[in-house]
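Colleague: Handing you this structure, nothing more for now.
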Amino acid sequence: MNWQSALDPHSANARHLADLFWFFTALCAAIWLLVVAALLRAIRHPGLAGEQDPPERQLRKSRIVGALTALTVLILVVFTAASFYTTRSFAWPDMNTLRIKVTGQQWWWQVEYRNHDASQVLTTANEIHIPVGRPVTLELHATDVIHSFWVPDLMGKQDLIPGRTNYLTLQADHAGVYRGQCAEFCGLEHARMAIWVFAQEPSAFEAWRRHALMPNTMPDGGAAAKGAYIFVHRQCASCHAINGSDAAGQTGPDLTHFGARATIAAGTLHNTAANLDRWLADPQAVKPGANMPKVDLSAPDRAALVAFLEGLK
Amino acid sequence: MSSAWARFALLAALLLAGCEREKRVYSGQPATNPAGELYQENAYDVAQGKRLYTWMNCTGCHAHGGGGIGPALMDNRWIYGGKIQQIYRSIRDGRKNGMPAWKNRLTDQQIWQLAAYVRSMGRYVRKDVAPSRDDALNSGKAESRRERSAPLEPGR
Amino acid sequence: MSAPLLDTDLAPAEVSARLEAVWSEPKTLWGWFATVDHKKIGRRYVVTALIFLLLGGLAALVMRAQLGTPDNHLVGPDVYNQLFTMHGSTMMFLFAVPVMETLGVYLVPLMIGTRTVAFPRLNAFSYWVYLFGGAMLWIAFFVNSGPDAGWFSYVPLAGPQYGIGKRSDIWAQMITYTELSGLAVAVNTIVTVFKMRCPGMSIDRIPLFVWAQLVTAFMIVFAMPAVMVSSTMLICDRLVGTHFFNWAEGGDVLLWQHLFWFFGHPEVYFIFLPATGIVSAIIVPFARRKMFGYSVLVLALFATGFLAFGLWVHHMFVTGLPRLGESFFTASSMAVAVPSGMQIFCWIATLWDGRLRFATPLLFVFGFIFNFVAGGLTGVMVASVPIDTQVHDTYFVVAHFHYVLVGGAVFPLLGGIYYWFPKFYGRMLDERMGKWNFWLAMVGFNLAFFPMHILGLMGMPRRIYTYPAEMGWGGMNLASTIGAFLFAASFALLAVNIVRALRRAPGAPANPWDAGSLEWAPASPPPPHNFTFTPVVASREPLWDTPELPVTTGLHADRRETVITSLVEAEPQMCESSPPPSIWPFVAALVISVTLLGSIFTPWALVWGLVPVGITLIGWFWPKGAKEEES
């Protein structure tokens, strides 16, 4: 299981971080072993008579302590320099690459692909698709409280702070799925605020992007059509938008192409029909405190909604 | 001795009031509360109501309580009554001259929360339950700092 | 009025009896509330802090039970968030800092050979304020109003919009109480150490424990105002709608973090430095050897005290501050490891040639070095900006600071409890149970906290109330939970040991460990006046070098009096009278507490509160009609 770990790097940046970590760990472990060995030796060392060291012994001990202190300083200088050079190896944010605006909200992520051409601006939620092999600049915002974006396989974390914009550069080596989650305590459901990064070959990414930009086609019959009607005419559309339908709520995650997403409610549940039904039946039982209310829906209505939402591929 | 007991009871009541004020009930106040009174005694519900007030764009007509296209919500004059049950009904079913019905847009719990928040705009809820200022541009005093409006009266 | 009665006029036994009468306090309810005896207050303080340790520990156990298995439903997010906030706030503000500071309230006057602290009534006042603040926090928790935004209370989560209800106000006001009491103790310690050391205790003879208390007291004076300012700003934002932290109206969210950590990082050293003092105090008698590198250890305390103020930003490495500035704080955070390293080297050098006596206090010192060095080294790792971007706000950091704070402070404290218990209560703790206590603590602690390093690297963030099974964190969390319960069991054993000792153990002699410092000169427990004659010292371990202590005479035997000495050489300068018991500190603490409590709900409480506070202070400072030298 390696899909959220600082020790399982899948990008050049994360590898630099892991290398630095192992370098520190090796040296620190050696130091710790030496100190404990010295302690054990001191414990076993036979005591000397008297309460105070004779002067020549004091001098000898002072020299040893002095030398060890100098060694400590030296090691710390090496550590500081190694940290500094690792930091320098990271690219500065580049505004000419693919830019993705990530907005942290209680307790989900809004993702918006920036583009000068408004028709190419793409909004989704709780997952990010990136092309492999090239840097992607994340523009980090928050609208309510502080969150922190952390996908350890790809990069260290960076806070999302209301009133400020932070940047983080991601670059994946190879295609894969990487999980991350909010790392700054942000209230009730801080534990269930995950984000998934899908690194794809450039062609696959471009295909995904083109598809994601297109509105969903509305079903024209069967349970799914009933579900679409419920979605637009009941509480759902107050908060959620689906491109291609009349639903245009802005406060919850955009649900366009929801059926193609991996998870429900920011990584809380895998996106299956059964899980979606469970989620719709009582979101507060699954993610207590989330802003999605429990809507009174009959089982058939719920089934219709599930059919509709899962069909939004 | 009896006065000591009375003081103790008063203290207990205050602490229990704190308990009610802070409770987080995610799926609506219990069914034993048909009149919705508990919503306006709970800081969490009122705060959720305030979120909904922004999210549902109530400011579009009512501004931050001062009114505009729609009537003011922070004074003591209420066309359809200013009790929480009456406000709840106004939101749920809508009223003529433009107030839409929200019964299919919000859940019952959310409408109660919104109504509880509206009650806090004229500070008809306790001071320690009403919301404090927003992390945004503020147009006036926060609900918790407002003086309580005069007793409710009908008419506009 | 009779002529003043000097101790030179009487036989020593008679002096002792008279001083005991003068310094003892009525054993009535009034006397209980009015006491100004630094030993009673110090003991009360330590016991209260240990009760808060128990409460904070129970909160931790519930959290560990919740995290023991994935997708657990023992407590929901609301309770969990309150629990970890209570745990952190209690451990930092109500347990660790007070227990370390107030071990000094009890021990510093004894160690420097004086009869009381410089400001006994201020001392009493500080205890009551602390007690009321802590009680308020826990009562609030039990009525569902426990703070839930973390012990660091970052805005905007703790701010007016997202910190719903009164929970964060209670946290912020609790800060005011504990800071008030902390500052009072710090001021007391500074003046006591500066001016009340017994004759002959020049600055190169001050016990290392007292040095540690002194440096800590200075740090408190400089650091605590930062958090008082920030918590007051938070209350103002919440209560009267100021905009200090409102980014939309020109405030700044990060301002909170700068102010909080400018205090918060030094705070770690408020806890750690006195603990190093305990370690030094224990090593000398149990190695039966004078400390190697006394001046190095003193300078290390000062160096740590200075550097501690220059590294707060390492708590903010991922907030997007300029990179070069962050590198500066990497360097300063690393630098603080140098004085710590020097301390460790000196301690080991002392142990090396010592004739060790393997009693429980020394075992805890070994445990301290074993655990603390590990925590210090992970501290060096998190000081590195790049590494911190991966481990910040993960369980790696949780592991790190528990190794530093529990390994670095609680282990020495436990050693200190075994060491000084006979002095405090006049009874010996059981050694066999003590050794069990130590090994259980070692095993439990390491089992609880070592796996957290790995969990953090495996991506487990802090402050999450649950996690899905598929993350693969379940096994190590379960191990950690088992370890936490073992660790808790070691404290239960300590409690049993203490209760048993208080009920059955034989009385302790004045100096059961054959130690060399002055606190072991008077009987166990010491009489109300500590020393019948103020001792005169000529070395760092006076009881070893001059078993028959020379003394100062010429003090009054019929009133409370202490010797004031010069700052550097400790040459006697004058006799100073010390105040008798008074109920006013308690009353003052009460009205101030009520005022502060009221100000959670309305700013007018501060205005109306001024009236009773003013009346109380007038009562407290009202001239009593007796001249200073006769009072």
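Colleague: Hey, what angle do you get for helix B:43-55 against the long axis of chain B, alpha-carbon based, 0 to 90 degrees rounded to 10?
Modeller: Compared with the principal axis, the helix lies near 10 degrees.
Colleague: Please say if segment B:17-156 is rounded, prolate or oblate, where rounded means a/c under 1.5 for a ≥ b ≥ c the square roots of the C-alpha gyration tensor eigenvalues, and otherwise the choice is prolate for a/b larger than b/c and oblate otherwise? Intermediate results must be reported in sequence, preceding the final value.
Modeller: Details: a/c = 1.37, a/b = 1.13, b/c = 1.22.
Judged from the Cα gyration tensor, segment B:17-156 comes out rounded (a/c under 1.5).
Colleague: If you count, for every residue in C:334-343, the Cβ atoms of partner chains within 10 Å of its Cβ, what is the mean? List each step's numbers first, then the result.
Modeller: Working: counts 9, 4, 1, 5, 5, 2, 1, 10, 5, 0.
Mean number of neighbouring Cβ atoms from other chains: 4.
Colleague: Return the distance in nm (one decimal) between the two label points of a simple spin-label model at C:Phe485 and C:Ile454, each offset 7 Å from Cα along Cα→Cβ.
Modeller: 2.0 nm
Colleague: Just the accessible area per residue of chain C, please: how many Å² with a 1.4 Å probe? Kindly include the intermediate steps, with their values, before the conclusion.
Modeller: Details: 20180 Å² over 631 residues.
It amounts to 32 Å² per residue over chain C.
Colleague: Would you mind putting C:413-421, A:280-288 in packing order, based on average other-beta-carbon counts within 10 Å, highest first?
Modeller: C:413-421, A:280-288
Colleague: Using the Cβ atoms and a cut-off under 15 Å, what net charge is assigned to the surroundings of C:Asn477, where Lys and Arg are +1 and Asp and Glu are -1? Intermediate results must be reported in sequence, preceding the final value.
Modeller: Details: positive: C:Arg64, C:Arg462, C:Arg463; negative: C:Asp71, C:Glu470.
So the environment of C:Asn477 carries a net charge of +1.
Colleague: Please calculate how many Å² of accessible area chain A carries per residue, with a 1.4 Å probe and no DNA, RNA or ligand atoms counted.
Modeller: Numbers: 12900 Å² over 313 residues.
Accessible surface, normalised per residue, equals 41 Å².
Colleague: Do the sum for the protein assembly as shown: with -39,500 (n - 2.57) for every DSSP H run of n ≥ 4, divided by all residues, what is the mean residue ellipticity at 222 nm, to the nearest 500 deg cm²/dmol? Intermediate values should be presented prior to the final figure.
Modeller: Working: 34 runs with 570 residues, N = 1100.
About -17500 deg cm²/dmol.
Colleague: With a Förster radius of 60 Å, plug the Cβ-Cβ distance of A:Thr123 and C:Leu29 into 1/(1 + (r/R0)^6) and report the FRET value to the nearest 0.05. Numbers along the way, then the final one.
Modeller: Working: r = 69 Å, r/R0 = 1.15.
Calculated transfer efficiency: 0.30.
Colleague: To the nearest whole number, what is the average tally of beta carbon atoms from other chains within 10 Å of the beta carbons of peptide C:144-150?
Modeller: Working: counts 9, 7, 1, 0, 5, 4, 3.
Rounded to a whole number, the mean comes out at 4.
Colleague: Going by a ≥ b ≥ c, the root eigenvalues of the Cα gyration tensor, does segment A:123-249 fall in the rounded group (a/c under 1.5), the prolate group (a/b larger than b/c) or the oblate group? Can you show the working numbers first?
Modeller: Values: a/c = 2.44, a/b = 1.39, b/c = 1.75.
It is oblate, given that a/c is not under 1.5 and a/b is not larger than b/c.
Colleague: Give me the net charge for the shell around C:Asp237: Cβ to Cβ below 13 angstrom, other residues only, Lys and Arg +1, Asp and Glu -1. Can you show the working numbers first?
Modeller: On the way: positive: B:Arg133, B:Arg145, C:Arg238; negative: B:Asp134, B:Asp135, C:Asp169, C:Glu249, C:Asp252.
Summing Lys and Arg as +1 and Asp and Glu as -1 gives -2.
Colleague: Checking the a/c ratio against 1.5 first, then a/b against b/c, what shape does the Cα gyration tensor give for the protein assembly as shown?
Modeller: Working: a/c = 2.53, a/b = 1.54, b/c = 1.64.
Oblate.
Colleague: Under 13 Å Cα-Cα from B:Lys127, which aspartates and glutamates qualify once same-chain neighbours fewer than 8 residues away are excluded?
Modeller: Hits, sequence-local ones excluded: B:Glu41, B:Glu143, B:Glu147.
Colleague: Continuing with the same structure: Check every DSSP H run in chain C and write down those whose alpha carbon atoms cover 24 angstrom or more along the long axis and whose mean Kyte-Doolittle hydropathy is -0.5 or greater. Intermediate values should be presented prior to the final figure.
Modeller: Working: long enough: C:38-67 (42 Å, 0.96); C:120-142 (33 Å, 1.00); C:167-195 (42 Å, 0.64); C:208-239 (45 Å, 1.68); C:253-287 (51 Å, 1.39); C:337-353 (25 Å, 0.91); C:360-383 (34 Å, 1.84); C:431-457 (40 Å, 0.66); C:474-504 (44 Å, 1.14); C:604-621 (26 Å, 1.74).
Span-like helices in chain C: C:38-67, C:120-142, C:167-195, C:208-239, C:253-287, C:337-353, C:360-383, C:431-457, C:474-504, C:604-621.
Colleague: Another question, if that's okay. Between A:His270, A:His190, A:His45, where does the largest GNM mean-square fluctuation fall for chain A, given springs only between Cα atoms within less than 10 Å?
Modeller: Of A:His270, A:His190, A:His45, the Gaussian network model singles out A:His45 as fluctuating most.
Colleague: Related question: How big is the dipole moment of segment C:143-239 about its Cα centre under a simple scheme where the beta carbon of each Lys and Arg is +1, that of each Asp and Glu is -1, and everything else is neutral? Debye, nearest 20, please.
Modeller: Working: 6 positive and 5 negative charges, 50 e Å.
My answer is approximately 240 debye.
Colleague: Note down the nm distance, to one decimal, between modelled labels 7 Å out along Cα→Cβ at A:His116 and at C:Leu6.
Modeller: Placing both labels 7 Å beyond Cα along the Cβ direction yields 9.6 nm.
Colleague: Amide H to amide H, which residues 5 or more places from A:Thr256 or on other chains are under 5 Å from it, using H placed in the peptide plane?
Modeller: Excluding prolines and chain starts, which carry no amide H, the hits are A:Asn243.
Colleague: A further question follows. Roughly how large is the C-A contact in terms of buried accessible area, totalled over both chains, probe 1.4 Å, nearest 100 Å²? Don't jump to the answer; show the numbers that get you there.
Modeller: Working: alone 24780 and 17090 Å², together 34730 Å².
The contact between A and C buries close to 7100 Å².
Colleague: Efficiency by 1/(1 + (r/R0)^6): what FRET value for B:Ala101 and C:Ala248, r their Cβ-Cβ distance, R0 = 45 Å, to the nearest 0.05?
Modeller: The pair B:Ala101/C:Ala248 has a calculated efficiency of 0.85.
Colleague: Which of the helices in chain A, when you take each full DSSP H run, stretch at least 18 Å along the axis at their Cα atoms and have an average Kyte-Doolittle score of -1.0 or higher? Please list the in-between numbers first.
Modeller: On the way: long enough: A:12-44 (48 Å, 1.36); A:55-88 (49 Å, 0.60).
For chain A, where a helix must reach 18 Å along its axis and average at least -1.0, the hits are A:12-44, A:55-88.
Colleague: Here is a follow-up. Can you give the FRET efficiency to the nearest 0.05 for C:Glu548 and C:Asp204, using r as the Cβ-Cβ distance and R₀ = 22 Å? Provide the component values of the computation, followed by the final result.
Modeller: Values: r = 23 Å, r/R0 = 1.03.
Once rounded, the FRET efficiency stands at 0.45.
Colleague: Can you list the HN-Hα couplings for segment A:99-110, worked out from phi with the Karplus curve (6.51, -1.76, 1.60; θ = phi - 60°), rounded to whole Hz and with x for Gly and Pro?
Modeller: Those phi angles translate into 10, 10, 8, 10, 10, x, 9, 6, 10, 7, 10, 9 Hz.
Colleague: Testing the spin-label approximation: label points 7 Å from Cα along Cα→Cβ at C:Arg432 and C:Glu470. State their distance in nm.
Modeller: The modelled label-to-label distance comes out at 5.5 nm.
Colleague: Among the aspartates and glutamates, which fall within straight-line cross-link reach of C:Lys27, defined as a Cα-Cα distance under 13 Å, with same-chain neighbours fewer than 8 residues apart omitted?
Modeller: Hits, sequence-local ones excluded: C:Asp37.
Colleague: How do the peptides C:285-295, B:73-83 rank, highest first, by the average count of neighbouring beta carbon atoms within 10 Å per residue?
Modeller: C:285-295, B:73-83
Colleague: For segment B:11-18, take each phi angle, set θ = phi - 60°, evaluate the Karplus expression 6.51 cos²θ - 1.76 cosθ + 1.60, and give the result in whole Hz per residue in order, putting x for glycine and proline.
Modeller: For segment B:11-18, the Karplus curve yields 4, 4, 4, 4, 5, 5, 4, x Hz.
Colleague: Could you order peptides C:520-532, C:208-220, C:357-369, C:316-328 by the average number of other Cβ atoms within 10 Å of their residues, highest first?
Modeller: Numbers: C:520-532: 20.5, C:208-220: 25.0, C:357-369: 22.4, C:316-328: 17.0.
In descending order of packing, they fall as C:208-220, C:357-369, C:520-532, C:316-328.
Colleague: Across segment C:549-563, in residue order, what do the Karplus-derived ³J(HN,Hα) couplings come to in whole Hz, using 6.51 cos²θ - 1.76 cosθ + 1.60 with θ = phi - 60° and x for Gly and Pro?
Modeller: For segment C:549-563, the Karplus-derived couplings read 5, x, 10, 9, 10, x, 8, 6, 9, 10, 7, 6, 8, 10, 8 Hz, x marking Gly and Pro.
Colleague: Then there is this: Report, for chain A, the % of DSSP beta bridges that are antiparallel, rounded to 5.
Modeller: Numbers: 27 of 40 bridges.
Bridges in chain A are about 70 percent antiparallel.
Colleague: Using a 10 Å cut-off around each Cβ of peptide A:149-161, what is the average number of partner chain Cβ atoms that fall inside? Working shown, then result.
Modeller: Values: counts 1, 8, 1, 9, 1, 0, 2, 10, 10, 5, 10, 2, 9.
Counting other chains' Cβ atoms within 10 Å and averaging over A:149-161 gives 5.
Colleague: Please work out the Cα center distance from segment C:123-178 to segment A:69-112, rounded to the nearest Å.
Modeller: 34 Å
Colleague: Just going by the charge dipole of the protein assembly as shown, with Lys and Arg at +1 and Asp and Glu at -1 on Cβ, which of B:Tyr124, A:Trp196, C:Phe132 is farthest out on the positive end?
Modeller: Of the options given, the answer is B:Tyr124.
Colleague: Still on this structure, please answer the following. For the pairing of chain B with chain C, what total accessible surface becomes buried, with a 1.4 angstrom probe, in square angstrom to the nearest 100? Intermediate values should be presented prior to the final figure.
Modeller: Values: alone 9550 and 24780 Å², together 32180 Å².
Summing both sides, the interface buries roughly 2100 Å².
Colleague: On to the next question. Please list, ordered by chain and number, the residues whose modelled amide H lies under 5 Å from the amide H of A:Trp109; skip anything fewer than 5 residues away on the same chain.
Modeller: A:Asn126
The values are calculated or read from the model by the stated rules, or taken from the named source; none is laboratory data. No experiment lies behind these values; they were computed from the predicted model shown. Here the Cβ is made from the backbone with ideal geometry for all residues, glycine too, and neighbour counts use every protein chain on show. Side chains included, ligands, DNA and RNA excluded: accessible areas come from the protein's heavy atoms. Shrake-Rupley method; radii C 1.70, N 1.55, O 1.52, S 1.80 Å.
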